[in-house]
């Protein structure tokens with residue numbers, strides 16, 4: 001028991017000796033279990049390396065009190081800037097207060113929070129307008145492909161505890177409301193952002209409304225899960241539409257297969273990991289001032305709509321970015 | 001007589017396995033601390049960091065006291081993480097209703113105590129496994145917290161209350177003081193009162209306890225109630241840290257607490273355990289989390305290290321079980 | 001519990017499962033039934049506890065004579081003495097002992113017999129349940145033979161012999 005500890009510790013000593021007085025950035029991530037997070041992770045690592053900075057990570061597994069602890073520990077480890085996603089707004093305030101107290105820069109890589117001179121404005125994904133784009137794709141497809149007499153029944157998988165997802169679903173629903181000329185029904189259920197969650201939620205929705213023909217999942221996993229439920233219910237590819245969000249490789253693959261999964265609103269995690277890391281390092285090394293970034297305000301990165309036309313291209317791009325095993 | 005005395009004295013020193021085990025864990029903790037300090041070039045052992053770890057660990061310790069009581073009687077409580085979240089939500093809502101914060105804290109503790117009274121009664125009177133019942137409560141309590149709050153955190157805007165989670169008394173963080181007091185009281189009750197002795201008896205040999213005149217049901221229910229009070233208190237401290245009651249807080253927390261308690265020498269079979277052990281165990285878990293992050297160890301290795309700790313805890317538990325025959 | 005209040009105590013045949021707390025030391029085992037009367041408002045005074053226990057250590061010749069000694073490492077004979085001390089702690093008038101010498105070595109057996117005789121001599125009533133005939137014959141004033149749960153005969157010590165007891169029990 002003690003021996004394995006000793007080995008681990010020797011490893012760590014070796015690692016730590018290789019890290020000298022470079023600018024140090026701490027990153028708090030909620031999980032490394034999704035491709036999105038993995039690409040983000042890689043983006044941070046690559047950019048840090050490029051700029052000669054050190055990056056340390058702490059993963060919180062979705063628990064807000066762990067977020068606070070993670071930030072604390074990263075700062076104790078010498079991080080001069082923290083990049084953190086306020087996935088659950090509860091922890092944000094605490095992390096903000098702590099960074100203020102310890103004089104550490106705080107960068108927000110999650111969803112927009114009330115601005116403050118204490119932290120750099122959000123660089124992130126246009127969740128709301130991404131949702132709108134999904135809505136736009138849906139409306140166009142419905143008008144073209146669902147014959148005038150047939151009912152339009154839309155299912156909508158959500159994740160209410162995650163602000164980003166809430167924004168996506170909101171964008172989608174509001175766009176549809178404003179732009180669907182035909183009557184339609186829309187139902188939602190919590191897909192929990194996972195395959196299993198999406199599957200279960202969709203099964204339940206289909207029980208209540210068997211003629212659902214459009215599905216929007218707040219992320220790819222739940223959309224794919226929901227799609228399995230639709231397929232199991234015997235839905236035909238040509239008559240149905242599934243739209244995902246995230247830009248996961250699986251999403252692209254489904255699009256390329258040419259089935260009912262026709263569009264994916266892609267996030268660009270690599271791009272903004274790069275931008276975030278650059279900002280963080282610049283702040284630490286004094287090459288940029290906080291005030292300037294705050295003035296710039298929120299920068300929202302575009303969410304391109306990936307469809308059959310460009311799926312292959314996106315797939316290749318992201319496949320390359322996955323961490324080399 | 002004179003010759004017999006030194007012989008029994010030395011026999012006594014060797015023959016107390018609980019103290020040996022406690023000493024063993026303490027030594028391991030100290031060694032770990034030294035190793036971390038050296039590897040992190042003093043960052044780990046910086047008094048500010050140690051206080052940070054102490055503060056992070058406070059919540060685990062407070063809840064751990066209750067769990068130690070429960071486990072000494074041979075039961076377990078898997079729902080503490082959910083209770084933590086529920087307490088926070090309860091507290092936040094009370095404050096929103098205008099209840100003065102200190103009264104809200106008392107009410108929260110009472111509410112959790114009441115809940116645990118119910119749970120304990122079901123377990124004791126219906127002779128159900130505490131594992132199963134508390135496993136169910138894990139979901140039920142989490143569900144209540146989520147539905148009551150709508151999945152969103154409930155903010156607390158009260159400066160004096162914030163002192164609980166974030167304030168200091170001199171150089172020492174308030175949560176540490178609360179945990180310290182609870183620990184001293186807990187240890188006293190365990191070692192120096194009839195109730196504590198009975199708790200050990202019920203866990204050690206329930207039949208013998210009953211035939212010795214102990215109301216085993218009452219003891220079992222009581223430890224759950226105690227745990228309820230403590231968990232309510234811990235939930236308030238955490239809400240203070242997060243400036244809100246968060247319905248998603250505490251996920252996975254039960255693992256941390258149980259690992260701490262078991263590492264500290266409390267046997268999952270009951271009859272053995274101490275509060276000091278729980279304190280050491282909690283510090284062990286917290287120090288590893290903090291130390292590995294400071295050293296920038298890869299997340300996957302951190303997971304493995306934590307897994308090894310739990311495995312260690314199980315081995316230790318097995319060893320103390322054999323010793324008990 | 002009521003039994004204890006009424007001055008009856010019992011030691012059962014299955015030491016480990018029914019009477020002895022293996023996670024406790026001698027002192028904790030002996031005092032457990034008596035704590036209610038010994039503690040004021042729940043607080044345990046360790047000095048009082050230790051002196052209470054040392055009386056039993058002496059009178060029953062429990063070895064080692066250390067109240068803090070953990071019971072799980074003790075020999076069967078000494079463990080049984082702890083169990084007896086435990087049941088004596090409530091100062092019962094009537095003591096029921098179920099197979100008290102099962103699994104104990106010969107020397108310890110003798111010691112237990114001496115204890116039983118001493119207790120009887122001090123005026124206590126002892127109900128001995130045993131399947132060891134020599135033991136019964138050497139200790140008991142009155143012998144009640146049972147078969148399948150019913151009483152089938154009674155003999156006084158003078159009348160009893162192994163053969164007679166065997167005859168009654170079939």
Inset, instruction - Report the FRET efficiency, 1/(1 + (r/R0)^6), for residue A:182 and residue A:302, where r is their Cβ-Cβ distance and R0 is 25 Å, rounded to 0.05. - result: 0.30
Inset, instruction - Order the peptides B:260-272, B:80-92, C:91-103 from the highest to the lowest mean number of other Cβ atoms within 10 Å of their residues. - result: B:80-92, B:260-272, C:91-103
Legend entry - Counting DSSP beta bridges with both ends in chain C, the antiparallel % (nearest 5): 45
Inset, instruction - Mind giving me the FRET efficiency for residue C:114 and residue B:103? R0 is 56 Å, r the Cβ-Cβ distance, nearest 0.05 is fine. - result: 0.30
Legend entry - Order of A:57, B:188, B:195 under a 10 Å beta carbon neighbour criterion, fewest first: B:188, B:195, A:57
Inset, instruction - Please report, in cubic angstrom per residue, the volume enclosed by the convex hull of the alpha-carbon atoms of the stretch B:47-250. - result: 114
Inset, instruction - Arrange C:27, C:117 by Cβ neighbour counts within 10 Å, fewest through most, would you? - result: C:117, C:27
Legend entry - the stretch C:2-111: relative contact order as a whole-number percent, Cα under 8 Å and 6+ apart: 44
Legend entry - Candidates B:123, B:258, B:30: whichever shows maximal mean-square fluctuation once chain B is modelled as a Gaussian network with Cα springs under 10 Å: B:30
Inset, instruction - In Å and from the alpha-carbon atoms only, list the Rg and Dmax of chain C. - result: 17.0, 56
Legend entry - Value at 222 nm in deg cm²/dmol, rounded to 500, when DSSP H runs of n ≥ 4 in chain B each add -39,500 (n - 2.57): -26000 deg cm²/dmol
Inset, instruction - Return the calculated 222 nm mean residue ellipticity for chain C, to the nearest 500 deg cm²/dmol, obtained by summing -39500 (n - 2.57) across DSSP H runs with n ≥ 4 and dividing by the residue count. - result: -12000 deg cm²/dmol
Legend entry - FRET efficiency for residue C:38 and residue C:137, using Cβ-Cβ distance with R0 set to 45 Å, rounded to 0.05: 0.70
Inset, instruction - Give me D for the stretch B:172-231 in µm² s⁻¹, whole number, from Stokes-Einstein with Rh from the Kirkwood sum over alpha-carbon pairs, 4 °C and 1.567 mPa s. - result: 103
Inset, instruction - Express in whole angstrom the spacing between the alpha-carbon centres of the stretch B:34-63 and the stretch C:106-136. - result: 60
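Per residue of C:66-73, count partner chain C-beta atoms within 10 Å of its C-beta, then hand back the mean as an integer.
Partner-chain Cβ atoms within 10 Å, mean over residues of C:66-73: 5.
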Inset, instruction - Rounded to the nearest 10 degrees, what's the angle between the helix C:46-59 long axis and the longest principal axis of chain C, both from Cα atoms, 0 to 90? - result: 30
Legend entry - Stokes-Einstein D in µm²/s, Kirkwood radius over Cα pairs - the protein assembly as shown at 25 °C with 0.890 mPa s viscosity: 80
Legend entry - Percent RCO, i.e. relative contact order, over chain B, from Cα pairs under 8 Å lying at least 6 residues apart: 32
Inset, instruction - Could you tell me how many degrees, from 0 to 90 and to the nearest 10, lie between the Cα long axis of helix C:106-121 and the main elongation axis, the longest principal axis, of the Cα atoms of chain C? - result: 90
Legend entry - Considering only the protein assembly as shown, percent of DSSP beta bridges that pair antiparallel, nearest 5: 25
Legend entry - Sorted by Cβ density within 10 Å, fewest first, the residues C:113, A:175: C:113, A:175
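Each reported figure results from applying straightforward, stated rules to the coordinates on display, with no laboratory input. Predicted, not measured: the structure shown is a model, and the values here were computed from it. Virtual Cβ from ideal backbone geometry, glycine too; neighbours counted across all protein chains shown.
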